[in-house]
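Single-structure report; data block below.
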Amino acid sequence: MSFTIELDTKLQEQAFAVIEKYGITPTELIKSFFSQIISSNQLNFEYQQENSECPLCAGREYNEETVRTLLAMDEEMKTAKRYDTVEEMMQDILGEVNG
């Protein structure tokens with residue numbers, strides 16, 4: 001079976017652009033939505049907005065505190081000490097504890 005939906009051109013372009021960001025087609029989205037309606041016997045809408053300020057969020061929605069923590073962690077990793085071996089790391093740790 002197939003059906004046609006009439007959409008305003010601007011609405012269609014904007015919606016399809018968002019759908020494509022998730023790597024699916026509009027047809028796949030509609031099929032998934034219908035399957036969800038059947039399995040839950042409800043109309044469930046889950047809204048997720050990409051956070052362009054947080055590249056680590058990877059399309060997931062997090063609260064503000066988590067986003068701040070992820071961004072801080074990303075910054076920390078830029079200057080974090082790096083070791084070639086576990087032994088080198090342990091020497092540094094023990095040197096800090098004993099020193």
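Below are the figures for this structure:
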read-out: Failed item, numbered, when Gly23 is tested on (1) assigned to a helix (DSSP H, G or I); (2) modelled with pLDDT of 85 or more; value: (1)
read-out: Lone qualifier among Met77, Met1 - being in a helix (DSSP H, G or I) and at pLDDT below 85; value: Met77
read-out: In region 30-57, residue modelled with the lowest pLDDT [restricted to those that are of a type in the set (A, V, I, L, M, F, W, C) and exposed (fewer than 10 other Cβ atoms within 10 Å of the Cβ)]; value: Phe45
read-out: Matching residues in region 69-81 - criterion: being over 14 Å from Cys54 (Cα atoms) and either of a type in the set (Asp, Glu) or more than 27 Å from the chain's Cα centre (by Cα) (or both); value: Glu76, Lys81
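The values are calculated or read from the model by the stated rules, or taken from the named source; none is laboratory data. Small disclaimer: the values here were computed from a predicted structure and weren't measured. Heads up, the Cβs are rebuilt from the backbone with ideal geometry, glycines too, and the neighbour counts pull from every protein chain shown.
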